[in-house]
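Any read-out appearing in this document is the output of simple, stated calculations on the displayed coordinates, not a laboratory observation. As the structure is a prediction and not an experimental result, all values here were calculated from the model. FYI the Cβ positions are ideal-geometry reconstructions off the backbone, even for glycines, and counts take in every protein chain you see.
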Amino acid sequence: MSMTSIMTNHAAMAALQSLNRTNDALAQVQKRISTGYRVADAKDDGGAFAVAQTVRADTATLNAVNEQLGGTRGLIDISLTSLEQVSKTMIEVRTVLTRLADGTLNDESRNQYNQQYAQLRTQIANFLADANYNGRNMITGVSPTDDIIMMRSESAASTDLYTLPALGPDTNFLVAVGPFTTAAAAQAALTPSSGDFDTVNMAINDAMNRLGADARYVDAQINYNFDKIDSMEGSLGALIDANLAKESARLQALQIRQQLGTQTLSIANQSPQYLMSLFGGR
């Protein structure tokens with residue numbers, strides 16, 4: 001049987017402790033609802049928070065890597081556009097060389113064709129020189145000095161780096177200076193496989209093939225990184241996100257407990273007054 005005392009109100013103390021626990025639980029639920037997180041900081045769950053911070057750092061790094069890869073894709077696109085223009089111009093170069101290989105040309109006609117050839121060569125040189133993106137030119141750059149090395153994932157380990165080799169020097173993609181003063185000189189330039197024209201044309205085609213492969217690789221890596229980010233963010237949500245439906249139900253239950261606890265404490269605080277009334281005067 002509990003003892004009634006005016007010095008120590010055990011019922012009020014018990015009611016207060018219960019109300020404090022309810023208030024603490026209510027504050028925690030309100031925090032989860034307001035932040036949307038079950039683990040908003042290290043106080044909630046130190047281990048889960050540490051894992052979450054690591055995942056957040058990895059996803060931030062992957063986003064930065066994708067931005068870098070996007071810039072690389074831009075450089076590849078500019079380089080491809082330049083070489084495609086060069087390849088188209090090379091068709092005109094071949095046409096002019098074929099005419100210069102005609103032994104029946106008079107000096108005036110040969111001079112005119114040589115001028116056309118020189119103009120086409122200048123156009124090619126301009127296409128190559130203008131293939132700049134953010135201050136970089138992969139066509140005029142020389143490997144390995146001008147290679148571009150970048151991260152392809154959240155890891156900076158050497159095995160996780162991607163290298164875009166420079167293609168230069170640009171003289172690889174320029175036909176001979178000329179002029180072709182004889183038909184034999186133009187014929188030599190057109191010799192299959194070993195002539196200057198075929199040598200340069202093969203270099204252009206090889207470079208476009210390499211850049212095309214690089215473009216496909218970069219696109220695939222960017223898409224893979226985005227998929228990886230989605231997966232990491234999904235797992236992060238499962239680890240730290242709050243179940244808002246569950247927390248909302250708990251909030252209502254705790255609010256009711258808080259009201260009842262407040263009423264219980266109020267009643268318990270009135271007990272000493274009832275006891276004192278027993279000793280009151282008439």
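Odds and ends about this structure:
- Under 5 Å, built H, 5+ apart or other chain: amide partners of residue 141: 167, 168
- Here nothing in the chain passes the span test, since no DSSP H helix has an alpha carbon length of 27 Å or more along the helix axis and a Kyte-Doolittle mean of 1.6 or above.
- Taken along its three principal axes, the alpha carbon spread of the range 91-237 comes to 80, 23, 22 Å, from the longest extent down to the shortest.
- Amide hydrogen neighbours beyond the local backbone of residue 37, cut-off 5 Å, H modeled: 242
- Rg and Dmax, both from the Cα atoms of the chain and both in Å, are 39.7, 146.
- Computed over the range 126-223: relative contact order in percent, which uses C-alpha pairs under 8 Å that are six or more apart: 19 percent
- Net dipole in debye of the range 72-213 [+1 Lys, Arg Cβ; -1 Asp, Glu Cβ; about Cα centre; nearest 20]: 120 debye
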